[in-house]
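So the structure is just underneath, and the comments pick up after that.
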Amino acid sequence: MTQQDITIIAAVASDGAIGRGGDMLWHIRGDLRRFKSLTLGHTVVMGRRTFESLPKGALPGRRNIVVTRNNSLSFPGAETASGLEAALAMTAPDEKVFIIGGGEIYRQAMPLAAELDLTEIDGTAAGADTFFPSIPAEFELAEASETVPAEGSVPPYRFATYRRK
């Protein structure tokens, strides 16, 4: 698996928070649309808790691989792997792979990723219990959208793509 094939995708609050109680901090329509448009037709790799947090199970139109240490578990519409390395070994060398969470899977994937597609949320959420790892210095901001203003309970956010130098 070459680095160019692995992209981490996440919605990250300004303090690095990504989740609370097994769920996302905010359900931002624009973020969900972008996530779908980027990942559709590709492989998504996630941890067991991330898979269990999906409201309708396996994500349609994508190959779903769930990383779990419990090899007796199975998930409808998804394949399982014993670790991130095993999950990546299941993919073809030219296959585009998105790492979609959670915190531990992001941490393990960071050294392997060539790109980070982030929704950067200008806010924090009380009680967050899952955090995104620090972005290593070898990543640089390649492009960013204009900031979308706050609306209702959703704080301002922007889409940012970082690429490994």
### Query
What is the distance, in nm, between label points placed 7 Å from the Cα along the Cα-to-Cβ direction at Asp94 and at Ser14?
4.4 nm
### Summary
Quick calc: nm separation of the 7 Å Cα→Cβ label points for Arg33 and Ser153 -> 2.1 nm
### Query
Where a ≥ b ≥ c are the square roots of the eigenvalues of the C-alpha gyration tensor, would you call the range 7-165 rounded, which needs a/c under 1.5, or, failing that, prolate if a/b is larger than b/c, or oblate?
prolate
### Task
Could you order Leu40, Leu25 so the one with the most accessible surface comes first? Probe is 1.4 Å.
Leu40, Leu25
### Summary
Share of accessible surface on carbon and sulfur in the range 42-134, whole %, 1.4 Å probe and ligands ignored, is 51 percent
### Query
What order, most packed first, do the peptides 78-88, 50-60, 137-147, 93-103 have when packing is the mean number of other Cβ atoms within 10 Å of each residue?
93-103, 78-88, 50-60, 137-147
### On Cα atoms only, tilt of 29-39 relative to the major axis of the chain in degrees
30 degrees
### Query
Lys/Arg Cβ at +1, Asp/Glu Cβ at -1, dipole of the range 93-165 taken about the Cα centre: which of Ala125, Val154, Ala142 is farthest positive-ward?
Ala142
### Task
Could you tally the net charge around Ala10, taking each other residue with its Cβ under 11 Å from the Cβ of Ala10, Lys/Arg +1 and Asp/Glu -1?
-3
### Task
Kindly provide the helix-only [θ] at 222 nm of the chain, computed as the sum of -39,500 (n - 2.57) over DSSP H runs of four or more divided by all residues, to the nearest 500 deg cm²/dmol?
-4500 deg cm²/dmol
### Summary
Mean accessible area per residue over the chain (1.4 angstrom probe, all protein chains present, square angstrom) is 53 Å²
### Summary
Highest GNM mean-square fluctuation among Met110, Met90, Met46, for the chain with Cα springs under 10 Å, belongs to Met90
### Task
Just check the range 102-152 against the gyration tensor rule for me: Cα atoms, a ≥ b ≥ c as the square roots of the eigenvalues, rounded for a/c under 1.5, and otherwise prolate or oblate depending on whether a/b exceeds b/c.
oblate
### Summary
To the nearest 0.05, the calculated FRET efficiency linking Ala142 and Glu85 through their beta-carbon distance, R0 being 25 Å, is 0.40
### Task
For the range 73-141, just say rounded, prolate or oblate: build the C-alpha gyration tensor, square-root its eigenvalues into a ≥ b ≥ c, call rounded for a/c under 1.5, and beyond that prolate if a/b exceeds b/c, oblate if not.
oblate
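The values are calculated or read from the model by the stated rules, or taken from the named source; none is laboratory data. Computed from a predicted model, the values in this text were never measured in an experiment. Don't worry about glycine lacking a Cβ; one is built from the backbone with ideal geometry, like all the others, and counts go over all protein chains shown. Surface accessibility is based on the protein's heavy atoms, side chains included, excluding ligands, DNA and RNA. Shrake-Rupley method; radii C 1.70, N 1.55, O 1.52, S 1.80 Å.
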